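To start, the structure itself, in structure tokens.
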Amino acid sequence: MTKLNIGIILGSTRQGRVSPQVGEWVKGIADGRGDANYEIVDIADFDLPFVFTTSGEEPGIKQWHDKLDSLDGFVFIVQEYNHSISGALKNAIDTAGPQWNNKAAGFVSYGSTGGARAVEHLRGILGEVQVADVRVHPTLSLFTDFENGTDFKPAELHLENVNGMLDQVNNWSTALKSVRS
């Protein structure tokens, strides 16, 4: 059986974002497992226009769809903005359709309350595009896991939850791959 392809999606595009640090940390843990092919997918790289404001023929949209088609599951790096997800992440989700269907997703979030409120919104959004979300959800605090709010220094206790989340994403991604076949 071939290994799954899991995208670690960076959910922020703003200047000074810390999601690349969190994404690289998750990828390092994931790569050490050897159970799937993991890659960072940065939505900022696709230059996506606001959904439904253009012809939909922009090259970034096609590249985004192709990238999502190549993935069996997702780990979303989610930051909490005003008790929800970023507008850029919502737009990236809405810019695709069937490319999301019958895949699994896990979350690693951060914010003043660990980003939990943002993930609760994201779970509902992903349900509408037929993505199955997993239960284990590592939450990172801006106060204890980031030095000066910018330098990511995660507590060791998060390792168990990250691995538990990855176990669930891989199990569900394997099961849902058979649905897509």
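Here the helices (runs of 4 or more DSSP H) wholly within the range 50-167 that include at least 3 residues being over 30 Å from Ser181 (Cβ atoms), open to solvent by 30 Å² or more (accessible area, probe 1.4 Å) and not small (Gly, Ala, Ser) are 116-128.
For Arg180, the requirement of being closer than 27 Å to Thr2 by Cα, open to solvent by 40 Å² or more (accessible area, probe 1.4 Å) and touching a strand residue (DSSP E or B) at 6+ places or on another chain (Cβ under 9 Å) is met. Could you check, for the range 26-43, whether at least one of its residues is under 20 Å from Gly124 (Cβ atoms), assigned to a helix (DSSP H, G or I), under 17 Å from the mean Cα position of the chain (by Cα) and not charged (D, E, K, R)? The answer is yes; a qualifying residue exists.
The combined condition, being β-branched (Val, Ile, Thr) and closer than 19 Å to Ala118 by Cα, is not fulfilled by Val179.
Residues in the range 1-16 that are in contact (Cβ under 8 Å) with a residue 12 or more places away in the chain and more than 15 Å from the chain's Cα centre (by Cα) were compared, and the one that is least open to solvent (accessible area, probe 1.4 Å) is Leu4.
The values are calculated or read from the model by the stated rules, or taken from the named source; none is laboratory data. Computed from a predicted model, the values in this text were never measured in an experiment. Every residue, glycine as well, gets a Cβ built from its backbone with ideal geometry; the counts of neighbours run over all protein chains shown. Side chains are part of the model used for accessible areas, which takes the heavy atoms of the whole protein and leaves out ligands, DNA and RNA. Shrake-Rupley method; radii C 1.70, N 1.55, O 1.52, S 1.80 Å.
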